[in-house]
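Participant: Here you go, one structure.
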Amino acid sequence: QVQLVESGGGSVQSGGSLRLSCTASGLAGSVAFMGWYRQAPGKERELVADLLSEGIKTYAKSVKGRFTISRDNVKNVFYLEMNNLRPEDTAVYYCRETGPEGDFWGQGTQVTVSS
């Protein structure tokens with residue numbers, strides 16, 4: 001059974017940093033797409049950053065220059081390093097992996113940024 005588990009969320013003040021982790025278990029094959037999404041109250045879920053298996057990274061305009069997506073192939077974990085956080089970054093953050101075995105989501109982790 002494939003499972004993605006996020007960790008690293010929490011509460012920080014504006015300008016602070018957090019690093020989210022997404023640990024995958026149960027995946028036997030390769031992953032083509034890894035992404036971080038977020039959903040704020042009353043808003044739709046949006047893609048924040050993604051990383052393709054070829055190493056190509058894409059960021060939402062609102063986080064470019066502040067957030068970094070990366071992966072550790074040995075540990076089968078990927079990360080979202082978030083710096084210079086703003087109150088508008090407050091949301092539940094979800095990780096997602098997509099590949100030949102299917103499309104999988106984590107349960108989400110809350111990030112709260114206070115001004």
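The values are calculated or read from the model by the stated rules, or taken from the named source; none is laboratory data. Computed from a predicted structure; not experimentally measured. Positions of Cβ are generated from backbone atoms using ideal geometry, with glycine treated the same way; all protein chains shown enter the neighbour counts. Note: areas computed on protein heavy atoms with side chains; ligands, DNA, RNA excluded. Shrake-Rupley method; radii C 1.70, N 1.55, O 1.52, S 1.80 Å.
Participant: Looking at the chain, send over the antiparallel percent of its DSSP beta bridges, to the nearest 5.
Facilitator: Among the beta bridges of the chain, antiparallel pairing accounts for roughly 90 percent.
Participant: Related question: How far apart, in nm, are two points set 7 Å out from the Cα along the Cα-to-Cβ line at residue 19 and at residue 88?
Facilitator: The answer from the label model is 2.7 nm.
Participant: Hey, any idea what % of the chain's accessible area is carbon plus sulfur with a 1.4 Å probe?
Facilitator: Roughly 48 percent, rounded to a whole number.
Participant: Now for a separate question. Taking all pairs of different Cα atoms in the chain, averaging 1/r and flipping that mean, what Kirkwood radius in angstroms comes out?
Facilitator: On the way: mean 1/r = 0.0708 Å⁻¹.
14.1 Å is the Kirkwood radius here.
Participant: Rolling a 1.4 Å sphere over the protein heavy atoms, what is the accessible area per residue of the stretch 1-64, to the nearest Å²?
Facilitator: I get 57 Å² per residue for this part.
Participant: With each label point set 7 Å from Cα along the Cα-Cβ vector, what nm distance links residue 30 and residue 101?
Facilitator: Distance between label points: 1.5 nm.
Participant: Further question on the same structure: For the chain, what relative contact order do you get, as a whole percent, if you take Cα pairs closer than 8 Å and at least 6 residues apart?
Facilitator: Across the chain, relative contact order equals 37 percent.
Participant: Where the only charges are on Cβ atoms (+1 Lys, Arg; -1 Asp, Glu), what is the dipole of the chain about its Cα centre, to the nearest 20 debye?
Facilitator: Here the size comes out at about 340 debye.
Participant: OK, next. Could you compute the net charge surrounding residue 27? Neighbours are other residues with a C-beta less than 15 Å from the C-beta of residue 27; K and R count +1, D and E count -1.
Facilitator: -1
Participant: Right, here's the next one. Tell me which of 8, 34, 62 sits at the most positive position along the dipole axis of the chain, charges placed on C-beta atoms (Lys, Arg +1; Asp, Glu -1).
Facilitator: The residue sitting farthest along the positive end of the dipole is 62.
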